[in-house]
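In what follows, a single structure is set out as structure tokens and then discussed.
The values are calculated or read from the model by the stated rules, or taken from the named source; none is laboratory data. What you are looking at is a predicted structure, and each value in this text was computed from that prediction instead of being measured. Virtual Cβ from ideal backbone geometry, glycine too; neighbours counted across all protein chains shown.
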Amino acid sequence: MSKKDKNNANEPLSEYGEPVSFNQVWKMFQETDKQFKETDKKFQDTDKLLTEKFKETDKRMQETDRKIDKLAKLYGGVSENSKDVAEEFFRRGLEARSSLFGIEYTEVDHLARTSKKRQGEYDIVLHNGEYAIIIEVKYKLHPDDVSDFVNRKLVNFKSLFYEYASKKIIGAVAGMSVPPDSYELAVQHGLLVLTQSGETLSLMNPEGFRWKEY
């Protein structure tokens, strides 16, 4: 190899086999750098677009959450108002009477008490010297309401209200609407069942029904 060949051995060649000058190499670097910058800008634009979309989606989700919270509060308020209406309806109906299913009573109360171990609230309590009829009121009576009343509220009544310890406790449920499955479950537990009949209340239990004492 000649001296001239040795000097040219490490020089980059163009596509035609000719040595590439410094200016050509520099131009290539500039073109490459320009492409990198353009690619980086595209990434930045894409990232910006995605960020804006994420912000917009998050804003929509927050707005949806606010609407859901508003509906939940509205529904909760309607639910509470419905129960209040039902309780007032049955209270007035019972105050206009003096007996229920042949059991006479002299007092119509709403009882609530909290002790160290338990607490309880009872919508309507009818009582006389011998009996106390504990009534759970719902606007629409569900089977779960019946089960909760029997298994939790009725069993705790005497321990919360010891002044009623000597009385015979009878359970009852009342609903402006009482579906068949709720009625059947209540009857299985020996409960009296009250519902709305026009502008007055009525007892759904048939004549001869045997209630359970708790």
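Please work out which one of (1) at pLDDT 95 or above; (2) in a strand (DSSP E or B); (3) among the hydroxyl-bearing types (Ser, Thr, Tyr) is the condition residue 139 fails and give its number. Just one mismatch for residue 139, condition (1). For region 168-189, indicate whether the set of residues that are under 20 Å from residue 94 (Cα atoms) and of a type in the set (Lys, Arg) is non-empty. Checking region 168-189: at least one residue is under 20 Å from residue 94 (Cα atoms) and of a type in the set (Lys, Arg). Name the residue, out of 187, 193, 146, 178, that is aliphatic (A, V, I, L, M) and surrounded by fewer than 20 Cβ atoms within 10 Å (Cβ to Cβ). After ruling out the rest, the residue left standing is 187.
Return yes when residue 209 is farther than 22 Å from residue 91 by Cα, aromatic (Phe, Trp, Tyr) and either touching a residue at least 12 places away in the same chain (Cβ under 8 Å) or in contact with a Phe, Trp or Tyr (Cβ under 8 Å, 6 or more places away or on another chain) (or both) and no when it is not. Criteria met by residue 209.
Scanning region 150-182 for residues that are assigned to a helix (DSSP H, G or I) and in contact with a helix residue (DSSP H, G or I) (Cβ under 9 Å, 6 or more places away or on another chain) returns 150, 157, 158, 164, 181, 182. The requirement of being farther than 30 Å from residue 197 by Cβ, among the polar types (S, T, N, Q) and at pLDDT 90 or above is fulfilled nowhere in region 146-154; no residue meets it.
For region 163-178, the count of residues that are without any contact (Cβ under 8 Å) to a residue 40 or more places away in the chain, of a type in the set (S, T, N, Q) and closer than 21 Å to residue 85 by Cβ is nonzero. Residues in region 93-128 that are over 16 Å from residue 172 (Cβ atoms), among the hydrophobic types (A, V, I, L, M, F, W, C) and not in a strand (DSSP E or B): 96 only. Summed over region 99-148, the residues that are more than 26 Å from the chain's Cα centre (by Cα) and of a type in the set (Phe, Trp, Tyr) give a count of 3. Select from region 86-126 the residues that are among the aliphatic types (A, V, I, L, M) and in contact (Cβ under 8 Å) with a residue 24 or more places away in the chain and write down the one among them that is surrounded by the most Cβ atoms within 10 Å (Cβ to Cβ). Checking each candidate, the answer is 126.
Scanning region 184-203 for residues that are without any contact (Cβ under 8 Å) to a residue 24 or more places away in the chain and part of a helix (DSSP H, G or I), we see that the one that is nearest to the chain's Cα centre (by Cα) is 184.
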